[in-house]
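Asks: One structure is given below, represented as structure tokens, and several questions about it will come after.
The values are calculated or read from the model by the stated rules, or taken from the named source; none is laboratory data. Note that this is a predicted model, so its numbers are computed, not measured. Cβ placement follows ideal geometry from the backbone for every residue including glycine, while neighbour counts extend to all protein chains displayed. These area figures cover heavy atoms from the full protein model, side chains too; ligands, DNA and RNA do not enter into them. Shrake-Rupley method; radii C 1.70, N 1.55, O 1.52, S 1.80 Å.
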Amino acid sequence: MEYKNPLGVDIDLETGVIPGAKKLVRRLSDLKGYFVDEKAYEELLKENPVVYEVYAVEQEEKDGDLNFATTVLYPGKVGREFFFTKGHYHSKADRAEIYYGIKGKGGMLLQTPEGKAEWIEMKPGTVVYVPPYWAHRTVNTGDEPFIFLAVYPADAGHDYGSIAEKGFSKLVVEENGEVRIVDNPKWKE
Ligand SMILES: O=P(O)(O)OC[C@H]1O[C@](O)(CO)[C@@H](O)[C@@H]1O
Ligand SMILES: [Fe+2]
């Protein structure tokens, strides 16, 4: 029997960086079609800011194993909508996931394939359990980077297709200085 080596790494709790992890950068241009206000999107695209960075430690896609990743989700808005991660179902849809809030303020939008949505606020120390079959997207509702850890089965995979096409049934927006969860006018079941 060949055993893998155990691993211990220290997440930088200020920056979210995991030493030695694979870094992925998502700019606004990678999120084309995701925000409802297309005019505001085109305007901000001139700057093309980084929306989020992921530091991932991933294993081969085998059942039983685990991946983990931090995400640094920057503050910002497109129109009234706060910056968010793309959001996805898992390719193996019955795979669950755990998130843990490290720094900043935000939340997670979750949704079943039928479009039933839930919003869970997150701050440092919040654990979110993402049950099997639920799509999940994180949102930064604060004015500093929102940093969190995700732990997910190595064989879960990412299914971005349906969210890229239809979005979530709810939007997370700012209204009179408050965070509001509102219906997505472009949602189609
Ligand atoms: O994959 P998305 O939807 O862009 O969101 C990024 C975050 O979600 C994960 O895919 C885990 O669900 C991580 O790689 C990262 O923490
Ligand atoms: Fe996931």
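Asks: Glu114 versus Glu43, label points 7 Å from Cα toward the beta carbon: distance in nm?
Replies: Reported label-point gap for Glu114 and Glu43 is 3.9 nm.
Asks: Mind checking which aspartates and glutamates have their Cα closer than 14 Å to the Cα of Lys116? Skip sequence neighbours fewer than 8 apart in that chain.
Replies: Asp183, Glu189
Asks: Okay, next question. At 1.4 Å probe size, with every protein chain present, just tell me what the per residue accessible area of the chain comes to in Å².
Replies: 54
Asks: Among the lysines, select those whose C-alpha is under 27 Å from the C-alpha of Lys123, and discard any that sit fewer than 8 residues away in the same chain.
Replies: Once the sequence-local lysines are set aside, what remains near Lys123 is Lys22, Lys23, Lys77, Lys86, Lys103, Lys105, Lys170.
Asks: Figure the gain on full extension for Lys22 and Val127 (residue separation times 0.36 nm, minus the Cα-Cα span) and round it to one decimal in nm.
Replies: 35.5 nm
Asks: Sticking with this structure for a sec: Would you give the gap between the C-alpha center of the range 47-78 and the C-alpha center of the range 88-128, rounded to a whole Å?
Replies: Taking the Cα centre of the range 88-128 as reference, the centre of the range 47-78 is 13 Å away.
Asks: Once fully extended, how much extra length lies between Arg180 and Asp159, figured as 0.36 nm per residue of separation less the alpha-carbon to alpha-carbon distance?
Replies: Stretched out fully, the Arg180 to Asp159 stretch lengthens by 4.9 nm.
Asks: So between Lys86 and Leu7, what do we pick up on full extension, going 0.36 nm a residue minus the alpha carbon distance?
Replies: 25.6 nm
Asks: Based on the mean of other beta carbon atoms within 10 Å per residue, what is the order of 121-128, 94-101, most packed first?
Replies: Top to bottom by mean Cβ count within 10 Å: 94-101, 121-128.
Asks: Considering only protein heavy atoms, what is the solvent-accessible area of Tyr129 at a probe of 1.4 Å, reported in Å² to the nearest 10?
Replies: Taking all protein chains as shown, Tyr129 has close to 130 Å².
Asks: Run down the lysines and flag those whose C-alpha is under 17 Å from the C-alpha of Lys4, throwing out any fewer than 8 positions away in its chain.
Replies: Lys62
Asks: Where the accessible area of the range 39-107 is counted over protein heavy atoms with a 1.4 Å probe, how much of it, in %, is carbon and sulfur?
Replies: C and S atoms contribute 50 percent here.
Asks: Moving on to the next point. Between Lys32 and Tyr74, how high is the FRET efficiency from 1/(1 + (r/R0)^6) when r is the Cβ-Cβ distance and R₀ = 22 Å? Nearest 0.05.
Replies: In this case the efficiency is close to 0.80.
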